[in-house]
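The values are calculated or read from the model by the stated rules, or taken from the named source; none is laboratory data. Being a predicted model, the structure only gives us computed values, none of them experimental. Here the Cβ positions follow ideal geometry from the backbone for every residue, glycine too, while neighbour counts run over all protein chains shown.
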Amino acid sequence: MTVRHVRMRWLVITLAALLITTPALYAADQQQLLIYHWWTAGGERQAMQVIFDWFTKKNPNTKIVDNPVAGGGGITLKTVLLGMLAAKIPPDTFQSLSGAELKQYVDGNYVAPVDDVWKAQNLDANYPTVIGKMTTFKGSHYGIPMNAHRANWLFYNTKLFNELKLTPPTTVDEMIAAAKRIKSSKPNVAPIAIGTREKWPAVFLFDVTLLSTGGPDAYEKFYTGQLNVKTAPEVRTALQKFKELIPYLYQFHGAKTWSDIAGPMAEGQMGMMVIGDFAAGLLVQAGYKEGVDWDAVGFPKKPQEVFLMIVDTFVRPAGAKHPEATTAWLTNLTDPKVQGEFNIIKGSIAIHKAVPDTTYPDRLHQEASRTFKSKRIVPSSIHGVLAPPAFLSDWQDILTRFLYSPDVNRALDEITSAMDLDKVSESSGWYWAK
Amino acid sequence: MAYTRAHALLFLAPLLLIVLLMYGMMAWTVAVSMDDWVGMAPVWKFHGLGNFRTLLGGALRERLFTSLRNNLIWLVVFIAPTASLGLFLAYGLDLVGRAERVLRPLFLYPIALSFVVTGTLWAWMYDPDAGVINNLLRMIGLGRWAQPWIADPGLATFCLIGAAVWQYTGFAMTLYLAAIRDMPREIFEAARVDGASDVQTFRHVVIPNVGHATMIVVAMLILVTLKVFDLVWVMTFGGPGISTEVLPFFMFVATFRQQFIGIGAAISVLILILAVAVVVPYAWWSMRRLQA
């Protein structure tokens, strides 16, 4: 063997050794946080960056490995996670929604309690009671929420309402009356804007109808399977009222998404729409001004105004590889400063009571924050926060079908059958546990 | 170096692995379909044919038959126009001479797109207010033919099929063009010498000679109709109501959104049975016909 050969051999061995050991050395030196979430849209991504920046400032040695998965409400993320969790390769934290959705991960034993963080940050005092309830299963907390969206807003076209001297409705009956006025004086304007191509906005509209006709108690009971749908009058009444709305809806709602119709509403081609506060961000981005082009009020105001809530939450997966990073991540989320800065961009509101209402630059979110602190908070049915996700999927099918053929008795049969198949009552015990 | 039996085994091993894995997965799906697995984590609780009973005679009966009916509509309405348009275009391209170089990529372009893009594009075109189709109709004075398209439960499935025909015609055309190019040029010469028009040549020369291509095209398109998913997901999400749901969409929703894993697997098994029931007799029939 020549000298050259020997050198060559050593070189190869050294390189190989380096290749094998470098990642190990690197990993030992630097902590990681492997995170999965669904905040991919424009503003959402920037809002997430705020949390990342704060996290890195507090934990300079931990590298964030970010895995955003697009898909509103996390439909796609859930599919991805299902595989990872079953294969026992959990990330260090991932996004969920508090309530029935979170319960699925708890039932699968895929997430571990976060009672340590909850206690250390005194969240029993700093968060509203209902948030505690929505993260508690089997006696432990399983998620750290950090922002709330309000689902019961009525957006309306300001110029149109001024021109027709309409005041924002406070009940569904008033909404129908306003719609009637719009239809008779402006036949080319669709009184109620709605886009059901993705189906779920139909649930937003039904939810405010049920809140208006039955109140929050009926709402909570319905979505947790505590009402006998066929004999209790609440759901029938709500469906009948929902049916009365149909002639005033934008007629081609099945071809549009909610974001398709927000613009036409602000332009005055449509009158009003029921949707979550996330619509405000879209309208502002598109250049429509709050108070000039559009306005929004909490809806309904009677019999009782509530904050219908959707809560984003992060969890601690069971068997996560970097437990310290997970704890640091969850702790960071509870920081009022982080929540404040994050929510301004995200277009939702902070959950921590120490974040003042004046944090938010716009009227809508200031009002949301005030309502959140002063009015009753009711978990929204949307995306499986209150109702089990299995039922929600059937429910949006039932409602969109109803919009095309409004047969109340058939719908009640469908609801009964779906609630039975989806075991709504059995799996909602957590909500009524003391 | 001589090849031995051991070499053969060695080289076949990867293939064997793939086959094992594929059939292994199928077997696993069949096992899950007889299991009462609801929720995220596996629940191994034997349920016999319970899931199939729920689907075929129980609470999900109406939904299953809506999906099945839509798959059959796809089968009947989608294949004939796609295959025949493909054949027309292929023969047309064969006739136009050098212009083919420009036209062929144009017709092929849609298959290069993902279904998500096609779906989004066509959803815009079908938009009843701002969509190009209704606006075109209004522009040429046929405004009374304007339709709600995908917002009409009765029409929506046909709208989806329209988008799929657009996407797959290029695919059929390619296979037919290859078949036409494969034919001996003398036959065309002979037809021309005998004074046959292009239409007559198409009818009496081309069509009888592209049987093999038809078999492949139709078999592939059958499989497309059985696994159609993306277009439905993007354009209508199965709606209005459940009017455009097809079996693969139903399977996805049941499995991943509702986490009825056992029922989802049972739907998969039904799709598998359907695929075998449709494709195998068709292949057998057309092969016999070709040999005759």
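Annotations
- All of (1) touching a strand residue (DSSP E or B) at 6+ places or on another chain (Cβ under 9 Å); (2) surrounded by fewer than 21 Cβ atoms within 10 Å (Cβ to Cβ) hold for A:Trp118 with one exception: (2).
- In this structure, A:Ile275 qualifies as more than 14 Å from chain B (Cβ to nearest Cβ), of a type in the set (A, V, I, L, M) and either surrounded by fewer than 20 Cβ atoms within 10 Å (Cβ to Cβ) or out of contact with any Leu (no Cβ under 7 Å at 6 or more places or on another chain) (or both).
- Conditions (1) more than 10 Å from chain A (Cβ to nearest Cβ); (2) more than 15 Å from the chain's Cα centre (by Cα); number of the one not met by B:Val276: (2)
- Residue-level analysis places B:Leu270 outside the set of residues that are within 14 Å of another protein chain (Cβ to nearest Cβ) and on the phi < 0 side of the Ramachandran plot.
- Index of the failed condition, B:Val30 passing every other in (1) within 14 Å of chain A (Cβ to nearest Cβ); (2) at pLDDT 95 or above: (1)
Each row is one residue, and each column tells you yes or no for (1) aliphatic (A, V, I, L, M); (2) surrounded by fewer than 13 Cβ atoms within 10 Å (Cβ to Cβ); (3) within 14 Å of chain A (Cβ to nearest Cβ).
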residue: B:Arg63; (1), (2), (3): no, no, yes
residue: B:Asp94; (1), (2), (3): no, no, no
residue: B:Val117; (1), (2), (3): yes, no, no
residue: B:Asp129; (1), (2), (3): no, no, yes
residue: B:Ile140; (1), (2), (3): yes, yes, no
residue: B:Ile150; (1), (2), (3): yes, no, yes
residue: B:Gly162; (1), (2), (3): no, no, no
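- Meets criteria (buried (at least 20 other Cβ atoms within 10 Å of the Cβ), at pLDDT 95 or above, within 14 Å of chain B (Cβ to nearest Cβ) and within 20 Å of A:Phe299 (Cα to Cα)) for A:Val208: no
- Selection within the stretch A:423-434: residues that are in a helix (DSSP H, G or I) and among the small types (Gly, Ala, Ser). The member of this set that is surrounded by the most Cβ atoms within 10 Å (Cβ to Cβ) is A:Ser427.
- The stretch A:344-422 holds helices (runs of 4 or more DSSP H) entirely within its bounds, and those carrying 1 or more residues that are within 14 Å of chain B (Cβ to nearest Cβ) map to A:389-404, A:408-421.
- Residues (outside any helix (DSSP H, G or I), within 11 Å of another protein chain (Cβ to nearest Cβ) and out of contact with any Asp or Glu (no Cβ under 6 Å at 6 or more places or on another chain)) located in the stretch B:226-240: B:Thr236, B:Gly239, B:Pro240
- Out of A:Gln339, A:Gln304, one residue alone is in a loop (DSSP other than H, G, I, E, B), under 22 Å from A:Thr129 (Cβ atoms) and not hydrophobic (A, V, I, L, M, F, W, C). It is A:Gln304.
- Any chance B:Trp166 is within 14 Å of chain A (Cβ to nearest Cβ), hydrophobic (A, V, I, L, M, F, W, C) and either within 30 Å of A:Leu399 (Cβ to Cβ) or surrounded by fewer than 20 Cβ atoms within 10 Å (Cβ to Cβ) (or both): no
- When residues in the stretch A:78-108 are screened for being hydroxyl-bearing (Ser, Thr, Tyr), closer than 17 Å to A:Phe391 by Cα and within 11 Å of another protein chain (Cβ to nearest Cβ), 1 of them pass.
- Residue match in the stretch B:253-263 (condition: modelled with pLDDT of 90 or more, more than 14 Å from every other protein chain (Cβ to nearest Cβ) and part of a loop (DSSP other than H, G, I, E, B)): no
- Taking the numbered list (1) under 30 Å from A:Ala190 (Cβ atoms); (2) more than 14 Å from chain A (Cβ to nearest Cβ) in turn, B:Arg98 passes all entries but (1).
- Looking across the stretch A:278-293, the residues that are farther than 19 Å from A:Ala368 by Cα, touching a residue at least 60 places away in the same chain (Cβ under 8 Å) and surrounded by fewer than 17 Cβ atoms within 10 Å (Cβ to Cβ) come down to A:Gln285, A:Val292.
- The stretch A:317-327, residues that are part of a helix (DSSP H, G or I) and either over 10 Å from A:Thr93 (Cβ atoms) or among the charged types (D, E, K, R) (or both): A:Pro323, A:Glu324
- Scanning the stretch A:264-285 for residues that are farther than 10 Å from A:Ile194 by Cα and more than 22 Å from the chain's Cα centre (by Cα) yields A:Pro264, A:Ala266, A:Glu267, A:Gly268, A:Gln269, A:Gly271.
- The residues of the stretch B:47-90 that are without any contact (Cβ under 8 Å) to a residue 60 or more places away in the chain and within 21 Å of A:Arg401 (Cα to Cα), listed by number, are B:Gly58, B:Ala59, B:Arg61, B:Glu62, B:Phe65, B:Arg69.
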